[in-house]
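Student: Pasting in a structure now, in structure tokens, and then I'll have a few things to ask.
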């Protein structure tokens, strides 16, 4: 898979505060739309594990800090 363009979630607000994702050169890259120079890179397998954990609520306690 090779995708040079960044993808935002359809749930992202128009304020520009969102996470963008792309695949490039065999890795998955993530960044915040307002901090484009900071990019996190990981393998597709590790990204899939991360998404699975997000979906089951593994990181929900971090969101509670902002509630």
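Quick note: the coordinates plus some simple rules give every number you see, no bench work behind them. All of these numbers come straight from a predicted model, not from anything done at the bench.
Student: Considering the values (i) -0.43, -0.49, -0.65, -1.21; (ii) -0.42, -0.49, -0.72, -1.29; (iii) -0.64, -0.68, -0.83, -1.26, which represents log10 I(q)/I(0) by the Debye sum over Cα atoms at q = 0.13, 0.14, 0.17, 0.28 Å⁻¹ as calculated for the structure under consideration?
Tutor: (ii)
Student: Helix-only estimate, please: 222 nm mean residue ellipticity of the chain, summing -39500 (n - 2.57) across DSSP H runs of length 4 or more and dividing by its residues, to the nearest 500.
Tutor: -6500 deg cm²/dmol
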